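Each remark here refers to the structure printed beneath this line.
The values are calculated or read from the model by the stated rules, or taken from the named source; none is laboratory data. Only a predicted model underlies this, so the values are computations on that prediction, with no experimental measurement involved. As a convention, Cβ positions derive from the backbone with ideal geometry for all residues, glycine included, and neighbour counts pool all protein chains shown. The area values use the complete protein model at the heavy-atom level, side chains included, leaving out ligands, DNA and RNA. Shrake-Rupley method; radii C 1.70, N 1.55, O 1.52, S 1.80 Å.
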Amino acid sequence: MSKKYAIFITALFCSFLAVFLAANALTPDQEFSELENRTLAQRPELTLKSLASGAFMKDFETYTTDQFVGRDAWVGAKARLEALMGKQENNGVYFCDQDTLITRFDTPDAQQVATNLGYVEQLAQKTDVPFYFGLIPGAAEVWADRLPEGAPNASQKDVIDQAASAVPSAQQVDLYSVLMAHKDEDLYYRTDHHWTSLGAYYGYTALMEAMGIAPVPLSDYEKTTVSTQFYGTVFSSSGVRWVQPDQIDIYVPDTGVSVVSHTYDQKGNPVEEPRALYDYSYLDVKDKYSFFLGGNQALGVVTTSHTDAPKLLIVRDSYTDSLIPFLTAHFSEIHLVDPRYYKGSVSQYIQDNDIDQALVLYSVPNFVSEKQLVWISQ
């Protein structure tokens, strides 16, 4: 390499670096990344204490990583380059067949699993109404044939089998069999960890079988597509930007159904917040899955026009949100409890509200990592 050429390359790099740093300095910091669906680090405060401890430099490095100009484009380019080089995983997400992104499932902590199953058993023992328990296998289990060859993937079926023996006071809901029987269908979103409305329908049929209730045939519904531009949480964390978006479908109309979310104000006073079975405002934002019931809530009550039907309580995660529409055909009220936010006694709530049947329903990945289930044993 000639000296002039070396000087030219050095000058070019320095110019690029100067432009990049200037653009970075002039571009306003972002508080939230829509693509990654997370809050971004903000400029840390410089103090003698933070400088001496090394915390400032660590926080500043995180800040610059989150706030550099063109971050989304760079993240996407990095993921594509790694895929071209043969890498099949990024940030715990596998690049799978059929344009699918699947979060890897690692062997869970055995003690945490046993503890959580113990909490479910304790609630079942305290409950005087028919009690059901179901674990929903995720895409890494049902769509295992889409994973890259040789990709590490722990068994979710083992957790489900363990649950059957560890919670004898509950009637088990066999969601695994029905989802495996339909695994060639669009049971999960390709860019999100949740099941689709079709997957939720098959889960609904498994629950109805366990309860001895005839489900509404799928042919009786008319499918309606409400969005064709859904990019979910797995897309956000993967760095992948080249896959096609998912679509969100619904089957059940929301006529005759009301939803109320029970919260508290800053003074601790109870507040009733009206919600809806389908919140169409979420279709205009990144978090489109919150279209179902308006997203997370500590305690929600869904009321239907079937006033003579029984009342159901569900201790649940977000998979249940897209299942609820199918259940509105069979219950007068559906009470939804999320232990991450609701800290009251579930068994007492069942008594106080004349609940007829109770269900604990979680996806396997969420159940094995949940640290708040202790509240349901109170």
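A Cβ-based charge dipole, computed about the Cα centre of region 265-378 with Lys and Arg at +1 and Asp and Glu at -1, lands at about 360 debye.
Let me make sure I get this right: for region 313-378, a, b and c are the square roots of the gyration tensor eigenvalues over alpha carbons, sorted descending. Under 1.5 in a/c it's rounded, otherwise prolate if a/b > b/c, else oblate. Which is it? Since a/c reaches 1.5 but b/c is at least a/b, the shape of region 313-378 is classed as oblate. Ignoring ligands, DNA and RNA, please state the percent of accessible area on region 114-235 from carbon and sulfur, probe 1.4 Å. Result for region 114-235: 47 percent of the exposed heavy-atom area is carbon or sulfur. Taking amide hydrogens as placed 1.01 Å from N in the peptide plane, the amide H of Asp317 sits under 5 Å from those of Leu361, Ser363, each at least 5 positions away in sequence or on another chain. When you count the other C-beta atoms within 10 angstrom of each residue and take the mean per peptide, 120-128, 209-217 line up highest first as 120-128, 209-217. For region 139-147, putting each phi into the Karplus relation 6.51 cos²θ - 1.76 cosθ + 1.60 with θ = phi - 60° gives couplings of 4, 5, 8, 6, 9, 4, 6, 8, 5 Hz, in residue order, rounded to whole numbers and with x for Gly and Pro. Amide H contacts of Ser227 (H built 1.01 Å from N, in plane; Pro and chain starts excluded): Ile248 sit under 5 Å, all sequence-distant by 5 or more or on other chains. Taking other residues whose beta carbon is less than 11 angstrom from the beta carbon of Asp279, and scoring Lys, Arg as +1 and Asp, Glu as -1, yields -2.
Listed cross-link partners Lys223/Lys286; Lys157/Lys286; Lys183/Lys343; Lys58/Lys267 are compared with a 28 Å cut-off, the Cα-Cα value being larger for Lys157/Lys286; Lys183/Lys343; Lys58/Lys267. Shown is the FRET efficiency for Asn269 and Glu45, computed with R0 = 45 Å from the Cβ-Cβ distance and rounded to the nearest 0.05: 0.80. Does region 93-132 come out rounded, prolate or oblate by the C-alpha gyration tensor, with a ≥ b ≥ c the root eigenvalues, rounded set by a/c under 1.5 and, if not, prolate when a/b is larger than b/c and oblate if not? Oblate. A 1.4 Å probe run over the protein chains yields, for region 141-182, 47 Å² of accessible area per residue, whole-number rounding. With protein chains left intact and a 1.4 Å probe, residues in region 233-378 average 39 Å² of accessible area per residue. Measuring nothing but protein heavy atoms, the accessible surface of region 266-378 at 1.4 Å probe radius is 46 percent carbon and sulfur. Ranked by the mean number of other Cβ atoms within 10 Å per residue, highest first, peptides 107-113, 323-329 order as 323-329, 107-113. Across region 251-266, rounded Karplus estimates of 3J(HN,Hα) from the backbone phi angles (6.51 cos²θ - 1.76 cosθ + 1.60, θ = phi - 60°) give 10, 9, x, 9, 5, x, 10, 10, 9, 10, 9, 9, 10, 9, 7, 5 Hz, Gly and Pro being marked x.
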